[in-house]
Amino acid sequence: MESKDYVDGVRVCMIRPGNKVGKKGKTGIRGVSYKPKRKAYVVSIGLKGKMIYLGQFKNLEDAVQSRKDAEEKYYRPILEKSGD
């Protein structure tokens, strides 16, 4: 079964697991960046042209878990509808 390009206004290929992080990504995790002035990791996720702020965390493990939880909450239903 071939997946749809867009589901609920979201381009499915952009939210598939395994998408590469940009060259500027210092943490290696999509949506997680380190802010030295705050001494914290800031986490966000994009959906339908909006950035959803997920919080800031003192350690990387908590930041990564927050991002994974958000992907499950926001991306999983869309990927299921697409057949991925």
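Here are a few things to note about the model shown:
- Hits among aspartates and glutamates - C-alpha to C-alpha of K39 under 15 Å, sequence gap 8 or more where chains match: E61, D62
- For the chain, carbon and sulfur atoms together expose 51% of the accessible surface, with a 1.4 angstrom probe and every protein chain in place.
- Kirkwood hydrodynamic radius of the chain, Cα pairs, Å: 13.6
- Over 19 Å (Cα to Cα) - which of K48/K73; K26/K48; K23/K50; K37/K68 fall in this group: K26/K48; K23/K50; K37/K68
- Cleavage-rule hits (trypsin sites (Lys or Arg not before Pro)) in segment 33-84: DSSP loop, at most 15 neighbouring Cβ within 10 angstrom: K37, R38, K39, K48, K58
- Ellipticity estimate at 222 nm from DSSP helix runs (n ≥ 4, -39,500 (n - 2.57)) divided over the chain, nearest 500: -6000 deg cm²/dmol
- Angstrom value of the Kirkwood radius, inverse mean 1/r, which spans all Cα pairs in segment 35-74: 10.5
- Euclidean distance of C-alpha centroids, segment 1-54 and segment 55-79, integer Å: 10
- Nearest-ten-degree value, helix 60-70 long axis tilted from longest Cα axis of the chain: 30
The values are calculated or read from the model by the stated rules, or taken from the named source; none is laboratory data. Predicted, not measured: the structure shown is a model, and the values here were computed from it. Neighbour counts run over all protein chains shown; Cβ positions are idealised from the backbone, glycine included. Side chains are part of the model used for accessible areas, which takes the heavy atoms of the whole protein and leaves out ligands, DNA and RNA. Shrake-Rupley method; radii C 1.70, N 1.55, O 1.52, S 1.80 Å.
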